Amino acid sequence: MQQRRRGFTIVELLIVIVVIAILAAIVIVAYNGVQGRARDSRRLQDLETIVKALEAYKTTHGNYPAAVSTSGAAGWEVSTNGTSATNFLSALVSSTDGVSRIPVDPVNTGDAADLSPAAAHNNYEYFYYRYGAGEYGCDSSRGEYYVVGITRLDGTASGQNSPSSPGFSCSGRNWSYEGAWVTGSYTN
């Protein structure tokens, strides 16, 4: 008597391959989401570090450091543009203030022709500027002030602000839309 060998049909094999492909796609999408959330978490921690360094600098020197304008950034100091990433807010790096390195965005990319911070750009960078007392209608009795922020967050749509962003504004200007996450502070 002849023994019959039993195997898988082509249809069964195709079904298994399709199920594996669907599961792989789900895992890849979930992994990318986790990576984006991790980068956003790091960005927020970096900004917290920068704000603490700015306050330490103010305590030591009496004011915030002047921004060193990055070429193509419309006066802002930004954390991207080739070598400036290593120099971003370099005035804050000192042994007296306890800051050995100012963090930069984990992606830290930008179009060198237009580094001006804006949430609608695809530039991943941090930005900083110090304003004089009373500029843009801010209360001059509170002294000079700075605005610092993150242009893009992975978890926030391009052109949108993070709901957790504290924002910063005066009667003459609202910086909240300069990036996805923005804050600022006064000298006094």
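Couple of notes before you dig in:
- S94 paired with Q35, simple spin-label distance in nm, labels 7 Å along Cα-to-beta-carbon: 4.0
- Stretched out straight at 0.36 nm per residue, the stretch from Y186 to A157 would grow longer than its current Cα-Cα span by 7.5 nm.
- Approximate spin-label separation R5-R42, in nm, with each point projected 7 Å along Cα-to-Cβ: 5.2
- Applying 1/(1 + (r/R0)^6) with R0 = 45 Å to the Cβ-Cβ distance of R173 and L23 gives a FRET efficiency near 0.35.
- Around the amide H of S185, modelled in the peptide plane, lie the amide H atoms of Y146, all under 5 Å away and 5 or more residues distant in sequence or on another chain.
- Among A118, A157, A53: highest mean-square fluctuation, GNM of the chain, C-alpha pairs under 10 Å: A157
- Projecting the Cα atoms of V16, Y129, G143 onto the dipole axis of region 12-186, where Lys and Arg carry +1 and Asp and Glu carry -1 at the beta carbon, places G143 farthest toward the positive end.
- Taking 0.36 nm per residue of sequence separation and removing the Cα-Cα distance, the A74/Y136 pair yields an extension gain of 20.7 nm.
- Compared with the dominant Cα axis of the chain, that is its longest principal axis, helix 10-61 is turned about 10°.
Rule-based calculations on the coordinates, nothing more; no lab input. Note that the coordinates shown come from a computational prediction; the quantities given were computed from them, not determined experimentally. Virtual Cβ from ideal backbone geometry, glycine too; neighbours counted across all protein chains shown.
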